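What follows is a set of notes on a single structure, which appears directly below.
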Amino acid sequence: MQAGKKWNIGFTLVVSILLSSPISSIAANSQTPSWIIPDNVRIVQQDHTDGVKSFPSISAAVTSLGTPTSRSLIKIMPGTYTDNVTLPNNIDLVGSGEEGTIITSTSGTVLTTSTGSNTVEKLTITSTGNYEAVDIPANGTATLRNTVINVSTTGYNPAIYAHAGTALNFINSKLVQNGNIESLGMELQGNSFIMENCTVTGTLSVGSPFVIDSGVTDMKIINSSFDLKYTGTGSVTAFGASSTTKLLVSNSRIVIDNGTGGRFSGLTIKSECEIRDSYIEVKGGNALAQSAIDVNSGNLNLINSTVVSGYDGIRNGSKVTVANSNVSATANGIAGSQDLTVTNSVVSGGTAGITKTTGESFKIGNSQLIGGYTGAETGIDKVFNCYDAVFASVPSP
């Protein structure tokens, strides 16, 4: 074989290996020549940029890609970038890790996604002042994965605002609300919201962690935890699901600390809700404190879960089913359900385990009922095979 042919084959092999490597490997060298970087990829870094495929700002990299018709990627190297980023459809952002890549802004929304589809991962978005960290326009689909949303806002703008018709996927991520702030964590107006393997922490004086509007029809919280403290005295809700929202909470932990004067409830449900393998607690609060779960006019299935409340455990509801669960409250364990069924569970209340009024009904079987029941009607309400705190039999009405 001729020497020239050998060199040509070797050169082709090296280029093929480079181009087939993950973009994180290609970008690891800050002086990577632009001809090695694929046409649908841009690098953002703080030095050694060429203005062709590597740029000092995210917005400049976005502009260079135009409006792509296929998936394109912006790889952001370690550093803090002050920018107001607007993503067209098909452009994804990948940082160098939540601690390594930080995007912030001194004014305005930090990141606005598109009406199409975008994925953002491996970075932190920080918002201060009265500005949103992430804005998802109407009908857009956004996936935030391995991302930290860090907010310390002074106004009521949400950290994440998902407009009508949107789909938001919040995966392996964190929402951190810093300080005693007046803020909404997320305002959800879109069709669907999925949170999986996430944490939400913060201290609020006004506002709710989540506001769920009537456009949200499907909401899932899976393997996630919430640890929130409320320092105000108003009445707010961690999750205010609308009458159209079908809510699933699975294998998750929601803890609300009301301090001494707060009236922060856990979940308000107006449609269908299933809570399974989860822990929900609302601590403290004043004499008018809210319930851990306010079923309002909706239906609740509570399965293999624990509910603890400084006031009522579960309140209201068209139909409430409790199975293999533990409900414990300072006031009433369960109050005001129109159609209540409890099996293989423990229900405890300082005032009453279960309380009801005329027109409501309950059926309690194979359970421990601590605090008894009030308002029961003979022939309507039924208790069978149940016992109290000292394991004495609880009679049926």
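The values are calculated or read from the model by the stated rules, or taken from the named source; none is laboratory data. A quick note: this is a predicted structure, and the numbers were derived from the prediction, not measured. Counting neighbours? That spans all protein chains shown, and the Cβs are built from the backbone with ideal geometry, glycine included.
The strands (runs of 3 or more DSSP E) located wholly in region 71-143 that include 2 or more residues which are within 24 Å of residue 49 (Cα to Cα) occupy 72-76, 79-82, 91-94, 101-104, 117-128. Say whether the condition of being farther than 22 Å from residue 221 by Cα, out of contact with any Pro (no Cβ under 6 Å at 6 or more places or on another chain) and assigned to a strand (DSSP E or B) is met by at least one residue in region 149-169. Yes: region 149-169 contains one or more residues that are farther than 22 Å from residue 221 by Cα, out of contact with any Pro (no Cβ under 6 Å at 6 or more places or on another chain) and assigned to a strand (DSSP E or B). When each of 120, 52 is tested for being surrounded by fewer than 15 Cβ atoms within 10 Å (Cβ to Cβ) and either closer than 20 Å to residue 171 by Cα or of a type in the set (A, V, I, L, M) (or both), the lone residue that passes is 52. Do we have any residue at all in region 131-141 that's acidic (Asp, Glu) and touching a Phe, Trp or Tyr at 6+ places or on another chain (Cβ under 7 Å)? Looking for residues that are acidic (Asp, Glu) and touching a Phe, Trp or Tyr at 6+ places or on another chain (Cβ under 7 Å), one finds at least one in region 131-141, hence yes. Looking across region 14-40 at every residue that is among the hydrophobic types (A, V, I, L, M, F, W, C) and either part of a loop (DSSP other than H, G, I, E, B) or modelled with pLDDT of 95 or more (or both), the one that is farthest from the chain's Cα centre (by Cα) is identified as 37.
Determine, yes or no, whether residue 328 is farther than 23 Å from residue 393 by Cα, buried (at least 18 other Cβ atoms within 10 Å of the Cβ) and under 28 Å from the mean Cα position of the chain (by Cα). No: the conditions fail for residue 328.
For every residue, the table says whether it meets (1) assigned to a strand (DSSP E or B); (2) in contact with a helix residue (DSSP H, G or I) (Cβ under 7 Å, 6 or more places away or on another chain); (3) among the aromatic types (Phe, Trp, Tyr); (4) within 16 Å of residue 267 (Cβ to Cβ).
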position: 308; (1), (2), (3), (4): yes, no, no, yes
position: 312; (1), (2), (3), (4): no, no, no, yes
position: 315; (1), (2), (3), (4): yes, no, no, yes
position: 334; (1), (2), (3), (4): yes, no, no, yes
position: 353; (1), (2), (3), (4): yes, no, no, no
position: 358; (1), (2), (3), (4): no, no, no, no
position: 379; (1), (2), (3), (4): no, no, no, no
position: 391; (1), (2), (3), (4): no, no, yes, no
position: 397; (1), (2), (3), (4): no, no, no, no
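Of all residues in region 361-370, those that are of a type in the set (Gly, Ala, Ser) and modelled with pLDDT of 95 or more total 2.
Per-residue answers, yes or no, for (1) modelled with pLDDT under 95; (2) on the phi > 0 side of the Ramachandran plot; (3) touching a Cys at 6+ places or on another chain (Cβ under 6 Å):
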residue: 337; (1), (2), (3): yes, no, no
residue: 343; (1), (2), (3): no, no, no
residue: 359; (1), (2), (3): yes, yes, no
residue: 377; (1), (2), (3): yes, no, no
residue: 381; (1), (2), (3): yes, no, no
residue: 385; (1), (2), (3): no, yes, no
residue: 391; (1), (2), (3): yes, yes, no
residue: 394; (1), (2), (3): yes, no, yes
residue: 397; (1), (2), (3): yes, no, no
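In this structure, does residue 207 turn out to be surrounded by fewer than 17 Cβ atoms within 10 Å (Cβ to Cβ), closer than 22 Å to residue 127 by Cα, small (Gly, Ala, Ser) and at pLDDT below 70? Judged against the criteria, residue 207 is not a match. Look at residue 184 and say whether it is over 15 Å from residue 87 (Cβ atoms), at pLDDT 90 or above and buried (at least 22 other Cβ atoms within 10 Å of the Cβ). Judged against the criteria, residue 184 is not a match. When residue 364 is tested against (1) under 33 Å from the mean Cα position of the chain (by Cα); (2) assigned to a strand (DSSP E or B), only condition (1) is not met. Exactly one residue out of 355, 351, 378 is more than 30 Å from the chain's Cα centre (by Cα) and either of a type in the set (Lys, Arg) or crowded, with 18+ Cβ neighbours inside 10 Å (or both): that is 355.
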